[in-house]
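The values are calculated or read from the model by the stated rules, or taken from the named source; none is laboratory data. Bear in mind that the values here come from a model prediction, so they are computed numbers and not experimental data. Virtual Cβ from ideal backbone geometry, glycine too; neighbours counted across all protein chains shown. When the accessible area is computed, the model is the full protein with side chains, heavy atoms only, and any ligands, DNA or RNA have been set aside. Shrake-Rupley method; radii C 1.70, N 1.55, O 1.52, S 1.80 Å.
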Amino acid sequence: MNNNHKNHFLLSLLAVMTALAPAGASTPDGKTAVPKVVVNILIDQLRSDYLNAFMPLYGDEGFRRLLREGRVYTQAEYPQARPDRASAAASVATGTAPCNHGIVGLKWLDRATLRPVFCVDDKAFSGTGTTDASAPTFLGVSTVGDELKVATEGKALVYAVAPFRESAILTAGHAADGAVWIDDRTGRWCSTSYYGALPGWANVRNELHSIDRLLQSVTWKPSSDLVGNFSYFLSGGMKKPFAHKFKGDSRFAAFKTSGLVNEEVAATANGCIEGTLIGTDGITDYLAVTFYAGNYEHRPAGEAPMELQDTYVRLDRALANLLTAVERKVGRENALFVLTSTGYADVENSDLSQYRIPTGKFDVRRASALLNMYLIAVYGQGEYIEASFGTQLYLNHKLIEDKQLNLAEVMERTQDFLLQLSGVKDVYTSQRLLQGAWTPGISRIRNGYNPRYSGDITIEVAPGWRYINEDTRENQLVRESYVPFPVIFYGYGIPADTIGTPVSVDYIAPTLSETMRIRAPNACDKAPLAF
């Protein structure tokens with residue numbers, strides 16, 4: 001055998017051995033055949049413009065490292081219109097939109113009771129360290145963590161850590177070993193009996209580093225003089241150094257919207273890494289972590305700009321701590337991180353009229369009453385509109401059936417009437433969303449609609465207008481501006497690159513799945529991103 005044939009034979013043999021290597025085997029560069037740990041990081045309300053604006057305030061091991069060494073998709077978006085924390089978490093975990101996974105928002109209306117339902121409420125599973133009864137019952141499809149559990153016959157470890165209940169449960173999925181969050185009433189890390197007992201590492205955090213004890217002595221101030229004097233906002237620098245104490249019954253909820261919460265989340269996630277067998281065998285383990293990048297108590301950025309800057313600085317430190325903890329345990333080459341945002345931001349409630357910008361108020365309850373009067377005039381007496389929630393209306397299907405009316409005709413008349421009202425940009429009936437022709441504009445609206453939980457009529461209020469509803473105490477300014485945010489893959493030998501091509505977050509799940517050599521979640525129809 002000559003040298004060329006011998007080299008060709010050796011290369012072929014090496015390729016076959018690599019393909020057949022067990023999960024824990026290593027390649028010649030020391031990287032395992034699959035990651036030892038996958039960390040899926042979701043940051044509530046992270047924005048690229050703020051992320052970049054505060055860059056002078058960061059250290060080298062958090063955002064700077066991710067942007068320098070990661071594969072950065074700069075133009076990320078969600079497949080559905082107007083994501084919130086719940087629908088975003090579900091879409092990242094499942095690789096699909098609410099039309100499939102069912103989490104259309106934080107809350108929706110139960111058609112049977114006409115009462116709002118919280119997305120992870122389930123009375124069948126009592127809280128562990130909390131009075132909230134919770135489970136991922138409404139999440140109708142599998143998650144990345146679920147598929148990892150199935151593929152490893154339950155041997156993989158899957159955990160989620162988040163400040164918020166819905167984020168923890170929806171990113172954990174159905175088959176996780178645990179999901180923990182901070183209880184609004186006690187400030188303790190808690191969970192649900194759905195996942196069994198509260199993990200030992202969470203108990204240790206509660207006993208040794210009580211948030212309640214912390215808040216009795218801590219005052220949230222700028223983390224450095226530089227943070228206090230730097231200003232990205234047009235309103236100028238800090239007029240008076242902020243100093244927030246956390247008191248009263250709402251102190252824990254306020255803490256969860258402060259920059260301090262990210263340090264607590266990172267410390268608890270590190271406790272999970274160090275207090276479990278994560279990353280110690282040849283089976284990939286999975287950790288979902290949610291951080292917060294919104295403003296303090298959801299105030300407009302103009303009212304608390306220095307707090308927002310400090311939140312990003314502390315978030316940067318928390319990310320650095322998390323990256324370091326994982327890499328210390330398994331090595332940088334054996335850990336895969338992905339980071340993205342929930343893709344929305346708290347809406348500014350500015351009074352546009354004083355600047356002569358077109359605006360107005362769209363009263364959902366009044367519109368519903370006018371619509372019912374119109375339908376009475378056409379079809380006779382009855383309560384045709386059962387309820388409203390947000391900008392969605394729920395028709396009385398029983399009345400329409402008893403009167404032997406054509407539902408499609410009633411919806412069409414409803415749409416035509418509502419389109420005549422001031423402040424209405426468009427109206428979508430359920431039939432239009434389910435059966436109408438596809439257009440780029442309607443696609444994201446359709447993806448956010450689920451026939452089990454969404455209303456029959458969706459009103460799209462014009463940008464710049466407020467929709468109000470005294471029944472639900474809603475008063476929200478409508479803005480359709482794109483919130484810029486990235487998707488960043490880092491670690492496990494992924495080459496650094498910056499990519500400006502738009503990418504949807506539902507590509508995250510199949511990409512992670514391919515890297516772990518498992519099936520993508522069962523409602524995910526996207527192909528993995530190529531590295």
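Things to note:
- The mean of 1/r over all pairs of different alpha-carbon atoms in the chain, once inverted, gives a Kirkwood hydrodynamic radius of 24.8 Å.
- Under 5 Å, built H, 5+ apart or other chain: amide partners of Val503: Gln75, Ala76, Glu77
- Accessible surface of Ser353, taken over heavy atoms with a 1.4 Å probe and every protein chain present, rounds to 60 Å².
- Here Lys247 is the anchor, and the aspartates and glutamates within straight C-alpha reach of less than 17 Å, apart from those fewer than 8 places off in the same chain, are Asp183, Asp184, Asp212, Glu297.
- The residues of the chain expose, per residue, 44 Å² of accessible area to a 1.4 Å probe.
- Comparing Thr311, Leu352, Leu226 along the charge dipole axis of the stretch 213-369, the residue lying farthest to the positive side is Leu352, per the Cβ-charge model.
- Counting Lys and Arg as +1 and Asp and Glu as -1 over every other residue whose Cβ lies under 12 Å from the Cβ of Ile445, the net charge comes to +2.
- Cα-centred dipole magnitude for the stretch 350-410, charges only on beta-carbon of K, R (+1) and D, E (-1), debye, nearest 20: 260 debye
- Charge dipole (Cα centre; +1 on Lys/Arg Cβ, -1 on Asp/Glu Cβ; no other charges) of the chain amounts to roughly 520 debye.
- The heavy atoms of Arg111 offer some 80 square angstrom of accessible surface to a 1.4 angstrom probe.
- Residue (of Met55, Val265, Val158) at the positive-pole extreme of the chain, dipole from beta-carbon charges: Met55
- Using θ = phi - 60° and Karplus 6.51 cos²θ - 1.76 cosθ + 1.60, couplings along the stretch 69-84 (whole Hz; Gly, Pro as x): 10, x, 9, 10, 9, 7, 10, 8, 7, 9, x, 10, 6, 6, x, 10
- Geometric descriptor of the stretch 123-236, per residue, is 180 Å³ (volume of the convex hull of the Cα atoms).
- Here the accessible area of the stretch 409-531 is 47 percent carbon and sulfur, with a 1.4 angstrom probe and all protein chains present.
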